[in-house]
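Peer 1: First the structure, which I've put down as structure tokens, then a few questions once you've had a look.
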There are 2 protein chains.
Amino acid sequence: MNLYGALEAGGTKMVLAVVDEQGTIRDRISLPTRTPDETMPEMIDYFRQHPVRALGIGCFGPLDLNPHSPAYGSITATPKLAWRNYPILSVFREKLGVPAELDTDVNGAALAEAVLGAARGLESCLYVTVGTGIGGGVIIHGKPVHGMMHPEIGHIPVIPLPDDPMPRGICPYHGNCLEGMASGPAIEQRWGVSAKELPEGHPAWELESAYLSQLCANAMLSFSPEKIILGGGVMQKEFLLPMIREKTVAALCGYIVHPAVAAGLHDYIVKPGLGTGSGILGAFLLARQAEKRAQGS
Amino acid sequence: MNLYGALEAGGTKMVLAVVDEQGTIRDRISLPTRTPDETMPEMIDYFRQHPVRALGIGCFGPLDLNPHSPAYGSITATPKLAWRNYPILSVFREKLGVPAELDTDVNGAALAEAVLGAARGLESCLYVTVGTGIGGGVIIHGKPVHGMMHPEIGHIPVIPLPDDPMPRGICPYHGNCLEGMASGPAIEQRWGVSAKELPEGHPAWELESAYLSQLCANAMLSFSPEKIILGGGVMQKEFLLPMIREKTVAALCGYIVHPAVAAGLHDYIVKPGLGTGSGILGAFLLARQAEKRAQGS
């Protein structure tokens, strides 16, 4: 049986899995993210015990994904200092001796949603996770978007609402970017209560859905994905999605004439089709890509 | 000699050209845009007199570019009522009997810049024209982006500056979207003088460059093009580009660590490499695509 290695590398934990050709997870473990010196040998050991044909890594960022760059395959300006400038891709390639591919965790998740999940059969989608941070992955023409660097859509500026008790956000870089205004920690800072504990009907959710609708309208107007998928801890509040759809329709002011808008974006702004599995299945798809690339093209 | 038809269809005028395989324009005329009943026969006559292997059309929008839609190839919700719901692509295909392809004028221009102009050799770029309106075309993975509809990046919301004497913009749909705040007519409405007559050093340009830098930062963070190309009448003011670069670097607040940002975006936010020729050469490239598609794939 052909097996593939999948690594969802997060700032807090590493999820490692072995996946078969059909996309069924055969084995899976989770390790705390410590320093590269401590955590890399543990991960390499795991994949040596489960021989895989290729490895895919969906990783916290920012990353250098420019194949022409000397730092290609490294984690770059992360606040997790021990991992800054760490060449994660080349270390895995060298130690495991199999083809490996790296992308952002959210591009991986977006790829999984485009191939296997809520955007299956489409050529493009935006996947956003709203939690401790806000990150987004973009698929266009069937492939993850890198471009100059890679999407960092959590950091687009948002327009503060007049009744926001915290009109300056908490992002240390941008203040009132989306992450600074609408991430879990921003909600907690604004209301003194964790997002999880805030009930339906609380004014927090009016603001939250307004800021996330700015993201959706912005994406629709700028790169026009065929589906927007919103996941992550904050989106566990099921009442949020309809509020975001409604405010996105309102923000477009009738400018985009399209059946999806006329239908209230009900099938357009959606939750992940793969639940919390998008990340690890994205890493699996990256492993498949790595193998294909090594085989031929 | 193989000749290709190129049509740059604008709301005010139609530019028609015959282009050879090398991309040299062999003949070119311009017609006023009247109604389809008046203008279509004139255009069809022109291309019948200059037999072409295929036709490419870069057209004012919005357009229906979804090949699965019954209205594929039509102009949709344009304020130019005579052209609303006009099936421009199928009429040309039928009357001329050659392969034809349609895209937005700005996607055409973006394609020309990516293949022949300022973004030559790159896989992605954003082309924006700042004039009577603000429109943008997007190339990713070497191909124009349509997605759900097509980019309408002129209508992304911008954050009004505190010293803007016209904090509500003039867009009939969105008020303070980019077009409502930074198009030629918005500048004229705000200052009572046409953009052309406003001198360097006028406060108008501080605002203008700030709003356009919001667009640039937004694009860099959301879909991360490898080059941003700014054209159109307003951008004829040569002093604007350095102001926009500087404010974009400032807006990113050090978040994007990349050599292009470190270099002040000097080679990243640029003017069109093809001058005012991007539009018609984009239509030529669409004609080449139409021929290729008809031949094989």
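The values are calculated or read from the model by the stated rules, or taken from the named source; none is laboratory data. Keep in mind that what you see is a predicted model, and the values were worked out from it rather than measured. Every residue, glycine as well, gets a Cβ built from its backbone with ideal geometry; the counts of neighbours run over all protein chains shown.
Peer 1: With the checklist (1) within 20 Å of the chain's Cα centre (by Cα); (2) in a loop (DSSP other than H, G, I, E, B) in hand, flag the one item residue B:254 doesn't pass.
Peer 2: Residue B:254 satisfies every listed condition except (1).
Peer 1: Can you pull out every residue in region B:153-207 that is assigned to a loop (DSSP other than H, G, I, E, B) and aromatic (Phe, Trp, Tyr)?
Peer 2: Correct list: B:173 only.
Peer 1: Could you tell me whether region A:94-111 includes any residue that is over 25 Å from residue B:249 (Cα atoms), assigned to a strand (DSSP E or B) and small (Gly, Ala, Ser)?
Peer 2: The answer is yes, given that some residue of region A:94-111 is over 25 Å from residue B:249 (Cα atoms), assigned to a strand (DSSP E or B) and small (Gly, Ala, Ser).
Peer 1: Please determine whether any residue of region B:24-42 is within 14 Å of chain A (Cβ to nearest Cβ) and either crowded, with 19+ Cβ neighbours inside 10 Å or out of contact with any helix residue (DSSP H, G or I) (no Cβ under 8 Å at 6 or more places or on another chain) (or both).
Peer 2: no
Peer 1: Checking the structure you have, find out if any residue of region A:263-277 is under 28 Å from residue B:220 (Cα atoms), within 14 Å of chain B (Cβ to nearest Cβ) and not in a loop (DSSP other than H, G, I, E, B).
Peer 2: Among the residues of region A:263-277, at least one is under 28 Å from residue B:220 (Cα atoms), within 14 Å of chain B (Cβ to nearest Cβ) and not in a loop (DSSP other than H, G, I, E, B), which makes the answer yes.
Peer 1: Also: Would you call residue B:136 touching a residue at least 12 places away in the same chain (Cβ under 8 Å), assigned to a strand (DSSP E or B) and either of a type in the set (A, V, I, L, M) or in contact with a Gly (Cβ under 9 Å, 6 or more places away or on another chain) (or both)?
Peer 2: Judged against the criteria, residue B:136 is a match.
Peer 1: Which of the numbered conditions does residue A:219 fail, given that it passes all the others? Conditions: (1) buried (at least 24 other Cβ atoms within 10 Å of the Cβ); (2) out of contact with any Ser or Thr (no Cβ under 7 Å at 6 or more places or on another chain).
Peer 2: Just one mismatch for residue A:219, condition (2).
Peer 1: Further, regarding this structure: Which of (1) part of a loop (DSSP other than H, G, I, E, B); (2) under 30 Å from residue B:148 (Cβ atoms); (3) among the hydroxyl-bearing types (Ser, Thr, Tyr) is the odd one out, the single condition residue A:72 does not satisfy?
Peer 2: (2)
Peer 1: Select from region B:112-129 the residues that are buried (at least 18 other Cβ atoms within 10 Å of the Cβ), touching a Gly at 6+ places or on another chain (Cβ under 6 Å) and part of a loop (DSSP other than H, G, I, E, B) and list them in ascending order.
Peer 2: B:117, B:118, B:124
Peer 1: Please tell me if residue A:75 is farther than 23 Å from residue A:223 by Cβ, among the hydrophobic types (A, V, I, L, M, F, W, C) and under 18 Å from the mean Cα position of the chain (by Cα).
Peer 2: Judged against the criteria, residue A:75 is a match.
Peer 1: Further, regarding this structure: What number of residues in region A:177-233 are over 22 Å from the mean Cα position of the chain (by Cα) and within 14 Å of chain B (Cβ to nearest Cβ)?
Peer 2: 0
Peer 1: Moving on to the next point. Quick check on region A:245-267. Is at least one of its residues basic (Lys, Arg) and in contact (Cβ under 8 Å) with a residue 40 or more places away in the chain?
Peer 2: no
Peer 1: Among the listed residues B:45, B:64, identify the single one that is among the charged types (D, E, K, R) and buried (at least 17 other Cβ atoms within 10 Å of the Cβ).
Peer 2: Of the residues listed, the single one that is among the charged types (D, E, K, R) and buried (at least 17 other Cβ atoms within 10 Å of the Cβ) is B:64.
Peer 1: If we scan region B:184-197, do we find a residue that is under 22 Å from residue B:118 (Cβ atoms) and touching a Leu at 6+ places or on another chain (Cβ under 8 Å)?
Peer 2: Within region B:184-197, none of the residues are under 22 Å from residue B:118 (Cβ atoms) and touching a Leu at 6+ places or on another chain (Cβ under 8 Å).
Peer 1: Please enumerate the residues belonging to region B:146-176 that are at the interface with chain A (Cβ under 7 Å from one of its Cβ atoms), closer than 16 Å to residue B:110 by Cβ and either without any contact (Cβ under 8 Å) to a residue 40 or more places away in the chain or among the hydroxyl-bearing types (Ser, Thr, Tyr) (or both).
Peer 2: Hit for region B:146-176 is B:147, nothing else.
Peer 1: Specify the residue that is farthest from residue B:44 (Cα to Cα); the eligible residues are those in region B:74-83 that are at pLDDT below 95 and not small (Gly, Ala, Ser).
Peer 2: B:79
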